[in-house]
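Undergrad: Following this message is one structure expressed as structure tokens.
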Amino acid sequence: MRQVSLISMFKYILTGSLLLAALSAYPQMKSPTRYKNEVFPDISVGKNLSYSPNAKTSAHRFDWYEPIGDTGASLRPLIIWMHGGGFQLGSKSMQNVKLWCSYFTRLGYVCAAIDYRLGKTDFRFDIDGLVRNCYGAVRDLRLAIAYLKANAARLRIDTTRIILAGNSAGGMMALQTAYSSDAELLKLIGDPDSARASHRVEPGDVAAVVSFWGGIFEADWLRNARVPIVSVHGRLDNIVPYDHIGSSLYGSAYIHRVADSLQIPNRLKTYDDYSHELQRRFNPVIASKLTQKRWLEAAQFAADFLYEELFAGNR
């Protein structure tokens with residue numbers, strides 16, 4: 001009986017010690033941080049809304065992502081997502097766009113994944129055609145920004161924190177919208193309309209840019225504004241260059257160096273062994289589970305940068 005009592009007492013003391021240790025650690029446990037950690041397990045998606053209700057084209061559609069049960073913030077930062085596809089293919093329903101919108105919405109953002117007008121399908125590389133198609137897409141993006149700002153109260157959007165994000169052509173749209181004007185884009189291809197186009201760059205509409213394997217047509221345009229840029233790119237990318245050598249585009253590595261020299265807040269994550277879309281061999285149709293894992297890593301990298309630039313100092 002004495003032996004049993006000693007064992008029982010030992011178990012009691014051990015259980016009490018573990019309970020005290022757990023209770024002492026409890027105050028140190030941190031709750032998830034909005035915009036940095038996943039706070040909302042469930043999201044809702046409103047599909048095929050129009051950001052140009054009076055337009056005849058069906059290209060001006062967007063899907064609206066927002067957290068379910070979001071009562072903690074009266075206004076939410078907005079990320080506008082643009083798909084890739086070389087301004088010839090793609091849509092807001094692409095796998096990576098849905099993955100990124102869902103991820104950031106669970107952090108507490110609201111996201112608008114937009115379609116935009118595509119150019120004529122032609123797989124030959126033509127820089128003039130690329131610029132012209134990008135110009136049309138940028139004008140659609142500006143239309144979407146204007147619509148979402150006009151409906152900010154209804155959608156609970158913080159208009160001081162509108163972020164432009166995209167991959168490939170979508171990343172190019174984000175960079176050109178934040179850093180160039182209509183006149184500069186048209187002048188690049190010798191379009192006579194450049195003399196009548198707007199010369200204004202309006203960075204006040206954009207709080208930050210997320211460029212996944214995107215690029216900019218002229219590096220000097222980075223002098224036009226001071227919008228924070230976070231980039232992710234594969235060093236072996238043979239579609240949109242990682243740097244600039246032998247290309248008419250300035251890729252993420254070049255943008256990173258110029259942004260550093262101009263003291264523009266920026267950050268770059270490089271995947272040394274990967275090509276376009278963070279694949280070993282670019283395939284626009286099929287993405288492996290490992291590729292999707294890298295896409296999520298890119299999102300986490302961008303989320304950390306955005307949190308530090310836009311929110312950390314306000315807490």
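Undergrad: Any chance segment 91-111 includes a residue that's touching a residue at least 40 places away in the same chain (Cβ under 8 Å), over 20 Å from residue 306 (Cα atoms) and of a type outside the set (S, T, N, Q)?
TA: The answer is no; no qualifying residue exists.
Undergrad: Continuing with this model, one more query. If only one of 174, 178, 153, 165 is out of contact with any Gly (no Cβ under 9 Å at 6 or more places or on another chain), among the small types (Gly, Ala, Ser), buried (at least 19 other Cβ atoms within 10 Å of the Cβ) and over 19 Å from residue 128 (Cβ atoms), which one is it?
TA: Going through 174, 178, 153, 165 in turn, the sole match is 178.
Undergrad: With (1) closer than 30 Å to residue 111 by Cβ; (2) modelled with pLDDT under 50 as the list, and residue 23 as the residue in question, which single condition is left unmet?
TA: With (1) closer than 30 Å to residue 111 by Cβ; (2) modelled with pLDDT under 50 applied to residue 23, the lone miss is (1).
Undergrad: Here is a further query. Give 222, 236 a once-over and let me know the one that is within 26 Å of residue 299 (Cβ to Cβ) and either surrounded by fewer than 17 Cβ atoms within 10 Å (Cβ to Cβ) or in contact with an Asp or Glu (Cβ under 7 Å, 6 or more places away or on another chain) (or both).
TA: 236
Undergrad: Same structure, new question: Identify all residues within segment 279-315 that are among the hydroxyl-bearing types (Ser, Thr, Tyr) and either part of a loop (DSSP other than H, G, I, E, B) or touching a residue at least 60 places away in the same chain (Cβ under 8 Å) (or both); write none if there are none.
TA: Selection gives 288, 307.
The values are calculated or read from the model by the stated rules, or taken from the named source; none is laboratory data. This structure is a prediction, so every number in the text was calculated from the model and none was measured. Cβ atoms come from the backbone with ideal geometry, glycine included; neighbour counts cover every protein chain shown.
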